[in-house]
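All remarks here apply to the structure that follows.
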Number of protein chains: 2
Amino acid sequence: MKTYRIGICGYGNLGRGVELALRQQPDMSLAAVFTRRDPASLSILTPNVPVLPLSDAPAHAKDIDVLILCGGSATDLPEQGPALARHFNTVDSFDTHAHIPDYFAALDAAAKEARHLSLLSVGWDPGLFSLLRLYAGAVLPDGRDYTFWGRGVSQGHSDAIRRVPGVADARQYTVPVPAAVEAVRRGENPDLATREKHTRECYVVLKPGADPAAVEKAIVEMPNYFADYDTTVHFVSQEELDRDHAGLPHGGFVLRSGATGENAEHKQLIEFALKLDSNPEFTASVLVAYARAVAKLAAEGQTGARSVFDVPPAYLSPRTGAELRRTLL
Amino acid sequence: MKTYRIGICGYGNLGRGVELALRQQPDMSLAAVFTRRDPASLSILTPNVPVLPLSDAPAHAKDIDVLILCGGSATDLPEQGPALARHFNTVDSFDTHAHIPDYFAALDAAAKEARHLSLLSVGWDPGLFSLLRLYAGAVLPDGRDYTFWGRGVSQGHSDAIRRVPGVADARQYTVPVPAAVEAVRRGENPDLATREKHTRECYVVLKPGADPAAVEKAIVEMPNYFADYDTTVHFVSQEELDRDHAGLPHGGFVLRSGATGENAEHKQLIEFALKLDSNPEFTASVLVAYARAVAKLAAEGQTGARSVFDVPPAYLSPRTGAELRRTLL
C-alpha cells in the first residue's frame, strides 16, 4: 500500500486534530508541520517530524503529497490557499459560505497554473452536510431542506461575547429547538424563522466590578450574533467555565422532507445527524480522508479547484473498488 | 438544459415509481417502457409513450440515453443486466449482496465490450446506506458500523409466509429494537446478535379451516427467515390486511460510532436515517437521480460497470458546479 505524505499548515486545534487523525489511517504519514509561530515554540505529538517556518514551505514541496491547510477562513485561507496551491496539492476547511465562489475562483486559477489540485471547504458544514443536501435534493426534488446546528460550541459567538466590555471569558452553545426538529421529522415542512430554529446559551465570566445587567443586555441585543435569537445568559466563575465548558462538542442535523407518488401522497424523510465530542478533531478527520482523495486524483492528473461534490466517494477510502463492493455495498 | 431520454424495463411497483420520479425531474423524460407482459395489458400514467415488448428493446437503443432496469435480483437482473448492457447504458437496483462481485464482473464485461456504462445496486440499501457506510468509515477509521432496517415491510419475508400451508395472505414488518439503536447512539459499540437488532411482526390471513397454532409454529421456526428472530404473529381478516397494511413503508438507520483524540477520548457519532412511506417510490427516485449521472458519465466516454462509490455526487444534480457551490456547499 502506498503511503501518502501529508503536511500540516497551522498547528491550532484543527492542525493538532489532523495530526491525530493521520495516526488512525493505514496509508498516510505526517511529513512536516508548517507554522507562522516560532517552530521551536511548538510541541507536536509525532516524533521525528520537522516543524518548519511557513515561509520555508515551498522548499519542501517535493516531500509532501498533500498539504492540509488548518488556518482560519477570515484572514488566513483567502491568502494562504491560492499562495500554497502554487506549490502543493491542498485541502482546506474554508467555511465562509458567502465567499466560497470568489475563493474557489482564486484557488482554481492558482492551482491550474501550477498544475496542482486544491479541494476547498472540507469538514462537516461545509462538507458532509453539503453532500447530504446534494444527495437528498437530487433524490427528492419535490421537498425542502432543513439544517440545524448543535448542541455545540460556536467559537465565533464565544469570541463575540468576549469582546463585550466587562466580560473576562465566555462559551456559547448553539441549540436546535426540539419542537422545530420534530415538526420537520413529521413532514410538516414548516416555515421557520431564525428564532424558531435555534436558541443560544451563553456561559459568561464577568470581570471584577462589571455590571451583570449591562453585560446581559449587550449580549442579547448584539446584532447578527444574538438579536434574532432567544438567548439565555448564565454567569459562572472561571473555575466553573474551565471545569464544565472546556470541550468543543458540536453536531447537528440535515433533514430533507419530500414527497413522491401520483398526488405527492407519500412522505419521504432523509435525515443525517452528527453528535461530536470534539468538533476540531472530527473536522480534521474529514480533511484527512479527503486528503487521500486529493492525492489519488492529483496522481491521475487532475488540476484546479474542486469541492466535495466533485470527488467520487471511493477515493476517500484506502480500500480497492472490489473490496468496497464486497464489504460495504 | 439537455433532456435525458429514459427507458423503463419492467413495469411493477418499481417501474411505476420510476415513471413517477421522472415527472419530478426538470431534465428527464420517459422515452419508452419495455415489458415481458403483453404491452396492450399495461396501462401507464404518461400519455404518448410507447409500451413495447422487451424483445424489441435493442431496436430502440438510439432513442434512449439510459435504461432503468426494474426487474428482481433473483432471476431477472442476472440475465437482463448483461444482456441489456450490450445495447444500453443501464442502472439497476441489484440487491443480492453476496452475488454483487459476480454480477459486477458480468455487467462490466458486457458493458465494456459494447462501450456502454452500467451502474449496479442503486437504491437505499444497497445505495445510499452503502455510501454512508463508506463516507463514515473513511472519516472515522477507529469505529464500528451498525445498519438497522425498518420499521418496514419486507416483501421477501411476506412472500415466505404466503408459502406456508394454510396462509391466504400476509404482510411482514421488520422492526429495529429501540434499545439496540439507543445503545449504539450512546457510543457503547455493543456486540449485537441477530435477535437483538430486529424483531419481526407478521400479519397473517388464514385459509378457511387452517390451524392457527400450526401456521404460527411454521412461521416462527422457519430457518433463515424467522428462526433467529423474536417473531410475533397476528391473525387478521383479509379486510383488515387490505385496510391497514396495504402500503409499502420502510426505512432504517446507518450509524457509525467512532473515537478520536490522543487516547480515543472523544466519541463521534454519525447517523443516517430514512423514513419512507413508499419503499418502491423512494428506490425509484434514487435510480432516476443516478440515471442522470450515468447519462453524463457515458457522454464523457466512461464504459464498463460502476457502483455508487464511483460516481461524483455533483453528477446526480441537474445544477452546474458553480450553482451547487453557491447554494448547497
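Electrostatic tally near B:Leu132: other residues with Cβ closer than 13 Å to its Cβ, Lys and Arg +1, Asp and Glu -1, net -2.
Sorted fewest first by neighbouring Cβ atoms within 10 angstrom, B:Leu241, B:Leu45, B:Leu140 come out as B:Leu45, B:Leu241, B:Leu140.
Taking A:Pro58, A:Pro280, A:Pro208 in turn, the Gaussian network model of chain A (Cα-Cα springs below 10 Å) assigns the largest fluctuation to A:Pro208. Each Lys and Arg adds +1 at its Cβ and each Asp and Glu adds -1 at its Cβ; summed about the Cα centre, the protein assembly as shown shows a dipole of about 1180 debye.
Taking the label point 7 Å along Cα→Cβ, A:Arg144 and its counterparts in the other copies are spaced 3.9 nm apart, in ascending order.
Label reach from A:Met1 (point 7 Å along Cα→C-beta): in region A:295-329, amide nitrogens under 12 Å belong to A:317-320. Neighbour counts of other Cβ atoms within 10 Å put B:Arg16, B:Arg195 in the fewest-to-most order B:Arg195, B:Arg16. With a Förster radius of 45 Å applied to the beta-carbon distance between A:Ala213 and A:Thr96, the computed FRET efficiency rounds to 0.85. Quarter the surface of the alpha carbon convex hull of chain A and you get the mean projected area, 20.0 square nanometres. Please compute the modelled spin-label separation between A:Lys112 and A:Arg163, points set 7 Å along Cα→Cβ, answer in nm with one decimal. Placing both labels 7 Å beyond Cα along the Cβ direction yields 3.6 nm. Treating each Cα of region B:145-274 as an identical point scatterer and summing with the Debye formula, the log10 of I(q)/I(0) at q = 0.17, 0.18, 0.20, 0.22 Å⁻¹ comes to -0.87, -0.93, -1.07, -1.22.
Assign one of three labels to region A:65-180, namely rounded, prolate or oblate, based on the Cα gyration tensor with a ≥ b ≥ c the square roots of its eigenvalues; rounded applies when a/c is under 1.5, prolate when it is not and a/b is larger than b/c, and oblate otherwise.
Cα axes put region A:65-180 in the oblate bin.
Diffusion of region A:1-116 by Stokes-Einstein, at 20 °C in a medium of 1.002 mPa s and with Rh set to the Kirkwood radius over alpha-carbon pairs, works out to 148 µm²/s.
Where both bridge residues fall in chain B, DSSP classifies roughly 50% of the beta bridges as antiparallel.
Taking R0 as 35 Å, what's the FRET efficiency between A:Ala322 and B:Ala74 from their Cβ-Cβ distance, rounded to 0.05? It comes out at approximately 0.90. Compared with the alpha-carbon gap, the fully stretched path from A:Asp27 to A:Ala246 is longer by 75.6 nm at 0.36 nm per residue.
Using alpha-carbon pairs under 8 Å, 6+ residues apart, how would you state the relative contact order of chain A in percent?
Numbers: 636 pairs, mean separation 69.0, N = 329.
Computed value for chain A: 21 percent relative contact order.
Put in line by how crowded their Cβ is, counting other Cβ atoms within 10 Å and starting with the fewest, B:Thr35, A:Thr260 read B:Thr35, A:Thr260. Of the DSSP H helices in chain A, those with a Cα length along their own long axis of 24 Å or more and a mean Kyte-Doolittle hydropathy reaching 0.0 comprise A:279-299. In the distance distribution for the protein assembly as shown, Cα-Cα pairs more than 42 Å apart total 31 percent.
Sorted shortest first, the separations between the B:Thr194 label point and its copies elsewhere in the assembly read 5.4 nm; each point sits 7 Å from Cα along the Cα-to-Cβ line. Every helix of 4 or more DSSP H residues in chain B counts as -39500 (n - 2.57), and over all residues that averages to -10000 deg cm²/dmol at 222 nm. Distances from A:Asn263 to itself in the other copies, using label points 7 Å out along the Cα-Cβ axis, amount to 6.2 nm in increasing order. Debye-formula intensities of region A:221-329, expressed as log10 I(q)/I(0) at q = 0.12, 0.15, 0.18, 0.19 Å⁻¹, are -0.83, -1.02, -1.11, -1.15 (one equal scatterer per alpha-carbon, no solvent). For chain B, modelled as a GNM whose springs connect Cα atoms under 10 angstrom apart, the maximal fluctuation among B:Pro312, B:Pro78, B:Pro126 occurs at B:Pro312.
Rounded, prolate or oblate: pick one for region B:242-299, where a ≥ b ≥ c are the square roots of the eigenvalues of its C-alpha gyration tensor, a/c under 1.5 means rounded, and failing that, prolate if a/b is larger than b/c, else oblate.
oblate
All of the numbers you see were taken from the coordinates with simple rules; none came from a lab. All figures in this text were calculated on a predicted structure; none of them were measured in a lab. Here the Cβ is made from the backbone with ideal geometry for all residues, glycine too, and neighbour counts use every protein chain on show.
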